[in-house]
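The next block holds one structure in the form of structure tokens; read it before the comments.
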Amino acid sequence: MTTDVRVVCFGIIGCGLMGREFASAVGRWMHLLDLPFRPEIVAVCDANISATDWFTRNLPTVTQATANYRDLLANPDVEAVYCAVPHNLHAQLYVDIIAAGKHLLGEKPFGIDQAANATILGAIVDHRDVLVRCSSEFPFYPGAYRLAQWVREGRFGKIIDVEAGFWHSSDLDPNKPINWKRRVATNGEYGCMGDLGMHVAHLPLRFGWQPANVRALLSKIITERPDGKGGTAPCETWDNAILACEVATADQLFPMILSTKRIAPGHANTWFLRINGTALSAEYSTKNPKQLAWLPYSSGGEQAWHLMDVPYQSAYPTITGGIFEFGFSDSILQMWAAFCDELVNGDQIGQPLYCATPAEASATHTLFTAAIQSQRTGQTVVFDEVAA
Ligand SMILES: NC(=O)c1ccc[n+]([C@@H]2O[C@H](COP(=O)([O-])OP(=O)(O)OC[C@H]3O[C@@H](n4cnc5c(N)ncnc54)[C@H](O)[C@@H]3O)[C@@H](O)[C@H]2O)c1
């Protein structure tokens with residue numbers, strides 16, 4: 001039993017969909033077994049002040065609710081910030097958060113475009129004492145966590161090919177009203193890649209599988225949507241993206257397909273990773289969140305897929321019984337624990353999966369920028385090195 005618990009005081013900027021998802025995890029912190037740290041949410045900010053009401057109603061620890069994020073950054077009680085605002089605001093807010101000396105868990109894509117991302121990276125260089133990480137929850141699902149462990153253990157042999165994706169389908173409905181995520185000015189020219197791509201690229205990049213080139217196939221399927229005022233508005237962003245890449249590691253070259261889709265019929269928040277190797281193939285998808293499939297192989301042996309309901313074994317142990325299912329809100333809890341762990345313990349973090357880094361976010365910008373170029377020219381874009 002832990003007696004001395006280090007409290008990390010958080011401010012939340014952006015009290016929309018993700019702000020609330022994130023905040024509710026604090027109410028379930030007790031699920032995590034005896035961690036020597038815990039977060040407390042002391043301040044909240046949203047430009048639309050009424051969005052903070054839910055927080056002040058549900059979180060007795062909140063002592064500041066403001067419409068101006070600078071007030072929150074001036075609050076000496078705030079040690080770390082979770083920021084979930086539209087992409088066009090990332091550069092300005094993230095830079096100001098970092099310059100204020102607050103640790104930052106920021107939402108992806110870490111800037112609306114490569115220039116905005118470079119501005120954020122510049123602020124990090126100037127404030128190396130501040131921990132900055134990018135939100136990415138899916139690697140904390142037990143099935144994905146197990147895949148990452150197998151990669152670390154070198155169990156796949158020679159990699160044959162890799163496929164990773166993150167698919168949604170609510171935009172199949174042409175009558176779904178437009179929102180900021182379908183506008184270039186607020187979501188960025190990357191479209192579905194900026195929206196979903198960090199989730200897809202996080203583990204491949206963590207494994208050192210940085211694309212050496214990309215041929216992109218980007219599509220716009222629904223071209224206009226209701227504007228919510230009785231008219232229609234152009235739907236400007238890419239709906240779907242298929243990125244065919246080659247990965248060059250020190251000893252091999254292999255194909256990797258990364259796909260982000262807003263319109264994948266039947267899929268709601270489906271994240272998946274398939275790795276085929278000469279010694280082991282394996283796949284995990286949140287479509288079937290308990291199930292992990294793998295096929296071990298050695299010369300002359302049978303090729304039989306194994307299927308298992310993965311037990312609830314998470315990065316940070318919980319009170320939850322091994323037979324119960326893991327879900328998205330559990331992954332936020334685990335990710336937040338990893339962030340706090342790193343903030344408190346630095347490189348002595350208690351398990352191997354630390355949150356996505358600014359360098360990993362930057363590598364996605366290099367990839368998505370190249371993907372737009374590839375779509376424009378119809379050519380494969382080769383990059384010497386994705387920024388590490
Ligand atoms: N990790 C995930 O799974 C996941 C899922 C969805 C969205 N996101 C990311 O989270 C971020 C926010 O997305 P969302 O779905 O929560 O959007 P949202 O529209 O639901 O919420 C955004 C909030 O930001 C507020 N806001 C706008 N300008 C502001 C300002 N200047 N100061 C303070 N608040 C301001 C808005 O009023 C709104 O309440 C984006 O970066 C998005 O890509 C991540």
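Read-outs: derived from the displayed coordinates by stated rules, not from any lab. Keep in mind the model is a prediction, meaning the values are calculated, not measured. For neighbour counting, all protein chains shown are included, and Cβ atoms are generated from backbone atoms with ideal geometry for every residue, glycine included.
Between GLU40 and LYS176, what FRET efficiency comes out of the Förster formula 1/(1 + (r/R0)^6) with R0 = 45 Å and r the beta carbon distance, rounded to 0.05? Please report the intermediate quantities before stating the final value.
Details: r = 37 Å, r/R0 = 0.82.
So the FRET efficiency works out to roughly 0.75.
Of all the options HIS306, HIS202, HIS90, the one that moves most in a Gaussian network model of the chain with Cα springs shorter than 10 angstrom is HIS306. Each label point was placed 7 Å from the Cα along the Cα-to-Cβ direction; for LEU33 and ARG152 their separation is 1.8 nm. Extending 7 Å from the Cα toward the beta-carbon at both ALA47 and THR223 defines two label points whose distance is 3.0 nm. Using the Cβ-Cβ distance between THR61 and ALA268 with R0 = 35 Å, the FRET efficiency computed as 1/(1 + (r/R0)^6) comes to roughly 0.60.
Among the listed pairs LYS108/LYS181; LYS220/LYS261; LYS176/LYS261; LYS176/LYS287, which have their C-alpha atoms separated by more than 18 angstrom in this model? Correct reply: LYS176/LYS287. Does the chain come out rounded, prolate or oblate by the C-alpha gyration tensor, with a ≥ b ≥ c the root eigenvalues, rounded set by a/c under 1.5 and, if not, prolate when a/b is larger than b/c and oblate if not? In terms of gyration-tensor shape, oblate. Over the chain, Cα pairs under 8 Å with separation of 6+ residues give a relative contact order of 19 percent. Here the simple spin-label model places points 7 Å from the Cα toward Cβ, and for THR119 and TRP54 these points are separated by 2.8 nm.
Computed from the Cβ-Cβ distance with R0 of 30 Å, the FRET efficiency linking GLN373 to GLN291 stands at 0.20. Straight-line cross-link reach from LYS158 at under 19 Å between alpha-carbon atoms covers these aspartates and glutamates, not counting any fewer than eight positions away in the same chain: GLU246, ASP251, GLU283, GLU302. Only the Cβ atoms of Lys and Arg (+1) and of Asp and Glu (-1) were treated as charged; on that basis the dipole of the chain about its Cα centre amounts to roughly 640 debye.
Indicate, rounded to the nearest 5 percent, the antiparallel portion of the DSSP beta bridges found entirely in the chain.
In the chain, approximately 60 percent of DSSP beta bridges are antiparallel ones.
The gain in end-to-end length when the GLU163 to SER298 segment is fully stretched comes to 46.4 nm, 0.36 nm per residue minus the alpha carbon separation.
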